[in-house]
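The values are calculated or read from the model by the stated rules, or taken from the named source; none is laboratory data. Fair warning: this is a prediction, and the values are worked out from it, not measured in the lab. Neighbour counts run over all protein chains shown; Cβ positions are idealised from the backbone, glycine included. Protein only, heavy atoms only, side chains kept; ligands, DNA and RNA dropped before computing areas. Shrake-Rupley method; radii C 1.70, N 1.55, O 1.52, S 1.80 Å.
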Amino acid sequence: MINRETEKLILRNFIFEDWEDLLEIAQQYEKTEFANYDHQWPQTPLGIKEVVGLFSTGDAFVAVELQSNNKVIGLIQIQRKEGLSAEIVHDFGYVFNSDYHGKGYASESCRDILEYLFVKLKIDKTVAGTPISNKSSCKLLERLGFKEISRETKHFRKDAEGNPIEFLAGKFELKVDDWKNQTNRLD
């Protein structure tokens, strides 16, 4: 169970009552230019309630809640990757309510969750992906200490004619030693 606090935020597991805030986030996200480069979010109460049901069954998705009004303004994905290596690796991703962009909430919450991953869960590394054209997301990952390790053309959706909507995606990685070195510099 995840239950952490930062200066302005509560980071916790999802609960069913979060569905309205998550629906707002999903509806806003689907209107952005980057929605075509990601899996589609449900746009109905029933669909998002199913998602919240999935998100609330473990620690792979973290609700980011404002302390001041108990509104969920984002989510962070920290899903463990199953692989052939002995390394413990987690996928790292995030989506935030666009009304709260530019206020430092993504940085604050992501830094705390990275500490949780590297200190409490003792993972070896975490990986993230984002469209290279999403400059804000790329900059956030770099500020968090991630390094771009590769680029590839990807697609998740198709256009009206059934053609894949392709984009250039960056794969980013943050290893435990790099995170420790960055944390020491910030102290």
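For the chain, modelled as a GNM whose springs connect Cα atoms under 10 angstrom apart, the maximal fluctuation among Glu142, Glu17, Glu173 occurs at Glu17.
A 1.4 Å probe run over the chain, with the rest of the protein chains in place, finds 56 Å² accessible per residue.
Expressed as a fraction of 2.2 N^0.38 Å, the C-alpha radius of gyration for the stretch 1-107 is 1.08. Near Val62: Cβ cut-off under 12 Å, other residues only, Lys/Arg at +1 and Asp/Glu at -1. The net charge is -2. Projecting the Cα positions of Leu144, Ala60, Gln79 onto the charge dipole of the chain (unit charges on Cβ atoms of Lys, Arg, Asp and Glu, taken about the Cα centre) puts Leu144 furthest along the positive direction. Between the entries (i) 24.4; (ii) 16.7; (iii) 17.2, the label attached to Kirkwood radius over Cα pairs in Å calculated for this structure is (iii). Report the Cα centroid-to-centroid distance between the stretch 45-87 and the stretch 102-141 in angstrom, as an integer. Here the answer is 14 Å between Cα centres. Counted without the sites themselves, the longest stretch of the chain free of trypsin sites (Lys or Arg not before Pro) in a DSSP loop having at most 11 other beta carbon atoms within 10 Å is 32-121. Note on the chain: with neighbouring protein chains present and a 1.4 Å probe, carbon and sulfur make up 47 percent of its accessible heavy-atom surface.
Solvent-accessible surface of protein heavy atoms, probed at 1.4 angstrom with all chains present, puts His155, His39, His90 in the order His39, His155, His90, largest first. Do the alpha carbons of any pairs in Lys31/Lys180; Lys8/Lys154; Lys135/Lys180; Lys103/Lys171; Lys71/Lys139 sit beyond 31 Å of each other, and which pairs? In this structure, Lys31/Lys180; Lys8/Lys154 exceed 31 Å between Cα atoms.
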